[in-house]
Amino acid sequence: IFCKPGKLIDSNALYAALNQFDPRIDERNLHVEDLGNVQELLKKFLKKHYLVEQKDAKTQKVEYYMGARSYLEIGRPQLLLFMHESMDMVWDSSLNEDISDAE
């Protein structure tokens, strides 16, 4: 979500991204061992304001964006670093400037 243009992602793209992160997660697999019910977890993230849900006015598709609590509790630098580490990517020091410029 954080890296998407407009910082929005529809539900299909969200599940595709989650599936890339952990292949056990998809829209058809409601229960994932060690995680629980993925849809219930998504609802919990919405309820606790880590994610926000909205409907696109044109397509009526549900879209998600990061809620205020994500930024307040986790922070943008930590999100980027986590994404890089979890996907075995090398941290580019130029990202440090991008982060500080955007905040």
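Scanning region 16-52 for residues that are assigned to a strand (DSSP E or B) and open to solvent by less than 100 Å² (accessible area, probe 1.4 Å) yields D26, N29, V32, G36, N37, L51, V52. For beta carbons closer than 7 Å, sequence separation of 6+ or different chains, a first residue in region 50-79 that is among the β-branched types (V, I, T) and a second that is part of a loop (DSSP other than H, G, I, E, B), the qualifying pairs are V52/G67. Hey, does region 59-73 have a residue that's open to solvent by less than 40 Å² (accessible area, probe 1.4 Å), assigned to a loop (DSSP other than H, G, I, E, B) and either among the basic types (K, R) or out of contact with any Gly (no Cβ under 8 Å at 6 or more places or on another chain) (or both)? Yes, the conditions are met somewhere in region 59-73.
The values are calculated or read from the model by the stated rules, or taken from the named source; none is laboratory data. This one's a predicted model, so the numbers in the text were calculated from it and none came from an experiment. Backbone-built Cβ (ideal geometry, glycine too); neighbour counts: all protein chains shown. Side chains are part of the model used for accessible areas, which takes the heavy atoms of the whole protein and leaves out ligands, DNA and RNA. Shrake-Rupley method; radii C 1.70, N 1.55, O 1.52, S 1.80 Å.
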